[in-house]
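First comes the structure, then the notes that go with it.
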Amino acid sequence: MKIYLSFFLLILIHCSQVFAQQQNPKTQAELEERMKAAQKELDKISPDQKKMMEQMGLLPQAIPQGSPVSDKQVSDATGGSTVPEKDLQKITSIGNSPLSASTLPAFLTSAHSYVVTKLKPASKTTGENIYNKLKAEGKTPFVIGNSAVGLWIMGRIEPALYVMGKACMMDAENTDNLNNYAAMLTMCGAENYAIPILNYLNAQFPKNATILNNLGQAWFGLGEIPKAEKYLDSTLAIYFYHPQANYTKSFIEESRGNTDKAIESVKKSIKQSYSQDKQNRLSKLGYKLQWYDISFPLKPDSDPMGLNSFKLPPMPQTAGQEAFLTEEWASTEAEMAALGNSINQQKQALLGSKQKAMIENAQKCLDKPNAPKSAKSAPDRPLFSKKAELKLKELDKDGGVEFRYTKSLKELKLYISKLQSKKDEFHKELEALNLKEAHQTGEGTSNKSFCPEYIALISKYLAEYNNEYEKICFDYLHQTRLKLNDEIYWLQFKENPEEFENTKLSYRLKWLQALTTASSGRFKSEFDVSHCLAEKEAIKVGGKLANFNDINCQYHSELNLVVGTITIDCNKMVTNFEMGFL
């Protein structure tokens, strides 16, 4: 048996209940405050998003101005407290006789008939059309069940219930469909129909965490807390970090006044399944979410841009080394300038293409204002953005990456500020040596007997300044490399792909600017003593400037839902709904 899709459902879906109202505020004042907050969020979304949400039945209905709502009406509509009150009518309707293989088909027919009476006529028609299309194509009950899961994940809640009910009626022995149907019924307020199915499955597959969790959620929805807790605890004994079981457990602990235990339960829930609701709940309970509270499926790359491959030539510390490295430094600086120009051109081209796309999209809307939108959709918030956002904030903490970088930059600039005075001292001594040579040999002539003095003078200042500067420069580039690599790694998960393309170019420029700053701060004598040197002092150099790595995340997955697909590529999740079903 492979019960896996309902686990995915319980983690990712926030269902607008079809048969029962959402729970939370108890008074009119609380409800009005909730509606104001909801309206603020609605104001942030685009017209296309609003239209899509309305079609899915997800937008809250505004309270008519001047229409009073009593506290009792609010309580009745929302279910009162965070822990539901016991629903004796539904609990009694479950009965004591367990389902068997012979009685299950009739029960499924009864459950489906009940569901149909609660669906909107349009949803019933949509579900019926999709089911008939799949059946006509010869799809098996298992495939039809997976199609229902696809509809559910894509927000077509009511058609999904219809299609899954029919799939279960086609094959009452398909345990995957039964479990997923029970999960759907629970999340839509029909727990009394879900529990008999789950009990039937639990008898066949004891100690299955998914079934046990679904039973816990169903009994919790009916307000039967002792039974709910028994199944939730059994789930957690098998799967310590179960997202939904821990989340529900937190409400039970909070209702008992156990705030610390409630916080720990939410932290376990959010560990492998982040949601804004969970973060808000932690804040309400008095805990601030940290980056390490959210797990991450990938091993961080310590050098995503390949900055470790970039090596500046050594800092010359003798006259012979300077003569040998002059061409190397000139070549490296020319390469950095050319690469910087190339990146700036790419940024301009990227900006131009984005502007062009915006103009084309605007023109399409003007030409065909009522044209249907693409079936593709992507969330505004990338998949791992919260983890990335928290991690980026961590970098700014005292003693962290940002602190060490700022300290190294300050030390570099302070040392470079001494460069001009050091050059002035050098030129003063050099001028005195020139006058001495001119006085002894005559103007315009050269005496090689002064070569050792010139070489010694140049080497003295190169060693005095560049020896220490090379150490400071090394630390500065090391801290810059750590900062840029850490930031760019997490930004790839925080930003949308289009935005990240520009960010990559910006960070490449930042690294080139750091290299340029480092190279410009070294001491150069700018005095030709080649005639004094028998040979240049060879020193190992790094070769040509390296190329930047292309940052490619290795997290890719695709879920085929028959009616469409959900593809995840690192920070991008795209839902494709097949046009035939759309």
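All of the numbers you see were taken from the coordinates with simple rules; none came from a lab. Owing to the predicted nature of the structure, the values given are computational and were not obtained by experimental measurement. So basically every Cβ, Gly included, is an ideal-geometry build from the backbone, and we count neighbours across all protein chains shown.
Three principal axis extents describe the C-alpha atoms of the range 176-267; from largest down they are 37, 25, 18 Å. Over 31 Å between C-alpha atoms is what I'm after, so list which of Lys120/Lys230; Lys436/Lys471; Lys391/Lys510; Lys166/Lys278; Lys410/Lys524; Lys227/Lys494 land there. Cα-Cα > 31 Å for Lys120/Lys230; Lys436/Lys471; Lys166/Lys278; Lys227/Lys494; rest within.
In the structure displayed, which of Lys207/Lys261; Lys413/Lys483; Lys393/Lys504; Lys271/Lys387 lie more than 22 Å apart, Cα to Cα?
Lys207/Lys261
Compute the distance from the alpha-carbon center of the range 260-281 to that of the range 479-498, in whole Å. The distance from the Cα centre of the range 260-281 to that of the range 479-498 comes to 26 Å. Annotation note: GluC sites (Glu not before Pro) in the range 138-245 located in DSSP loop regions with a Cβ neighbour count of at most 16 within 10 Å are Glu173. Net charge dipole, the range 455-525: roughly 320 debye, given to the nearest 20, about the Cα centre with Cβ charges of +1 for Lys and Arg and -1 for Asp and Glu.
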